[in-house]
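Contents: one structure, followed by commentary.
The values are calculated or read from the model by the stated rules, or taken from the named source; none is laboratory data. It should be emphasised that the depicted structure is a prediction, and the values quoted were computed from it without experimental measurement. Because the Cβ atoms are built from the backbone with ideal geometry, glycine has one as well, and the counts that use them run over all protein chains shown. Just the protein is used for accessible areas: all its heavy atoms, side chains included, with ligands, DNA and RNA removed. Shrake-Rupley method; radii C 1.70, N 1.55, O 1.52, S 1.80 Å.
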Amino acid sequence: QVQLVESGGGLVQPGGSLRLSCAASGTMFSSDAMGWYRQAPGKERELVATIISGSVTNYADSVKGRFTISRDNAKSTVYMQMNSLRPEDTAVYYCHVHRIWPPSDYWGQGTQVTVSS
């Protein structure tokens with residue numbers, strides 16, 4: 001079992017920055033994909049960014065060039081640096097781990113990010 005605990009959300013003005021962190025407890029493997037999803041009110045949960053093996057990354061088009069995902073395998077922690085934040089980035093951000101085998105998905109409890117003046 002893997003448990004995920006997010007931190008770093010909050011209220012920020014447009015153009016500002018935040019850094020999200022997600023610490024995983026339990027057995028983790030470098031092959032596990034770690035990432036972030038978000039869900040805005042009235043919308044479906046969407047992929048924001050993923051990272052595999054510490055170097056292979058994937059971003060939603062809406063955040064490319066503004067968000068950077070990184071990972072510290074020694075600490076079983078994934079980070080996401082969010083710059084140039086926009087009001088449309090407002091959402092609950094969820095940490096996610098996908099394990100290839102046995103096929104498993106784990107979710108954090110979510111952290112609120114609000115971008116508003």
Would you give the gap between the C-alpha center of segment 78-97 and the C-alpha center of segment 1-48, rounded to a whole Å? 7
So what are the ³J(HN,Hα) numbers for segment 35-47, from phi and the Karplus equation (6.51, -1.76, 1.60; θ = phi - 60°), rounded to whole Hz, Gly and Pro as x? x, 10, 10, 9, 9, 8, x, x, 10, 7, 5, 10, 6
So for the chain, taking the charge dipole from beta-carbon charges (+1 Lys/Arg, -1 Asp/Glu), which of Ser25, Gln112, Leu85 sits furthest toward the positive end? Leu85
Taking Cα pairs under 8 Å and at least six residues apart, what relative contact order does the chain come out at, in percent? 36
Charge dipole magnitude, Cβ of K and R +1, D and E -1 - the chain, Cα centre, debye nearest 20: 160
Step through the residues of segment 82-95 one at a time and calculate ³J(HN,Hα) from phi using the Karplus curve (6.51 cos²θ - 1.76 cosθ + 1.60, θ = phi - 60°), rounding each to whole Hz and writing x for Gly and Pro. 10, 10, 6, 5, 10, x, 6, 7, 4, 4, 8, 9, 10, 7
Near Lys43, within a Cβ-to-Cβ distance under 13 Å, what is the net charge of the other residues, with Lys and Arg +1 and Asp and Glu -1? -2
Net dipole in debye of segment 49-117 [+1 Lys, Arg Cβ; -1 Asp, Glu Cβ; about Cα centre; nearest 20]: 160
The percentage of the accessible area of the chain (probe 1.4 Å, all protein chains present) made up of carbon and sulfur atoms, to the nearest whole number, is 50
I want the antiparallel fraction of DSSP beta bridges within the chain, as a percent rounded to 5. 95
Ser84 neighbourhood, Cβ < 15 Å, K/R = +1, D/E = -1, net charge +1
